[in-house]
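Here you go, one structure.
The values are calculated or read from the model by the stated rules, or taken from the named source; none is laboratory data. Values in this document were obtained by computation on a predicted structure and should not be read as measured data. Neighbour counts are summed over all protein chains in view; Cβ atoms, including those assigned to glycine, are modelled from backbone coordinates with ideal geometry. Side chains are part of the model used for accessible areas, which takes the heavy atoms of the whole protein and leaves out ligands, DNA and RNA. Shrake-Rupley method; radii C 1.70, N 1.55, O 1.52, S 1.80 Å.
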Amino acid sequence: MLSLGLATEFALTLLTQRFVAFFLIPFIVINVSVSVLPHELQPWFYKYGYGFPVFNLGQAVRTIIFNTKNHLGRNFGVLIAWAVLSLITVPIIIYVTRQREIREEQAKTLPDEREEEIREEQRRIDFGAGTTAQLSPSEERRVEEAERQDRGEKPLVA
């Protein structure tokens, strides 16, 4: 069962929870279709079952329970091969998926350089707006005169 569980874990990591059903249904059908009958009674097409876990698990159980022809070496070899293959591929796909998620997160949090330049330019414009820094000398004098009048001071004679 380890071989089936780890293969499912690999598919879950690769396809995400949303699409894992598209893997599980064919995986179950492919595995169960070869284990229902002995290979001698099935068409040649189903010979692929020798390499799949459910057939080998079923044959191993029949050998142990009913003392039938012994293929336990091959059966356990196939099951262990599936488990080892999954134990190698699951950490690799988890690492690749995590690196992809990290890159996507960094792309979201780090602004584009051009956007940062635009924001800085806007801050400079906003800072200067309404101050005398952007006014010509004549406009500056008019602003100062208006401010004096607001405070109730005497206007300067020019």
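Near Thr13, within a Cβ-to-Cβ distance under 12 Å, what is the net charge of the other residues, with Lys and Arg +1 and Asp and Glu -1? Numbers along the way, then the final one.
Values: positive: Arg98, Arg100; negative: Glu9, Glu101.
So the surrounding residues net to 0.
In addition: Tell me, what % of the accessible area of the range 38-96 is carbon and sulfur with a 1.4 angstrom probe? Working shown, then result.
Values: 2960 of 3910 Å².
Result for the range 38-96: 76 percent of the exposed heavy-atom area is carbon or sulfur.
Let me ask you something else. Just the number: Rg to Rh for the chain, Cα atoms, Kirkwood Rh, two decimals.
Rg/Rh: 1.65.
HN-Hα J couplings of the range 19-26 from phi, Karplus 6.51/-1.76/1.60, θ = phi - 60°, integer Hz, Gly and Pro as x?
10, 5, 5, 5, 8, 5, 4, x
Taking R0 as 41 Å, what's the FRET efficiency between Leu85 and Glu115 from their Cβ-Cβ distance, rounded to 0.05?
Values: r = 45 Å, r/R0 = 1.11.
Using R0 = 41 Å, I get an efficiency of 0.35.
With θ set to phi - 60°, apply the Karplus curve 6.51 cos²θ - 1.76 cosθ + 1.60 along the range 46-59 and write out the HN-Hα couplings as whole Hz, x wherever there is a Gly or Pro.
7, 5, 4, x, 4, x, 9, x, 5, 4, 5, 5, x, 5
Under a 1.4 Å probe, what is the accessible area of the range 1-101 per residue, stated in Å²? Walk me through the intermediate numbers first.
On the way: 6720 Å² over 101 residues.
Each residue of the range 1-101 exposes 66 Å² on average to a 1.4 Å probe.
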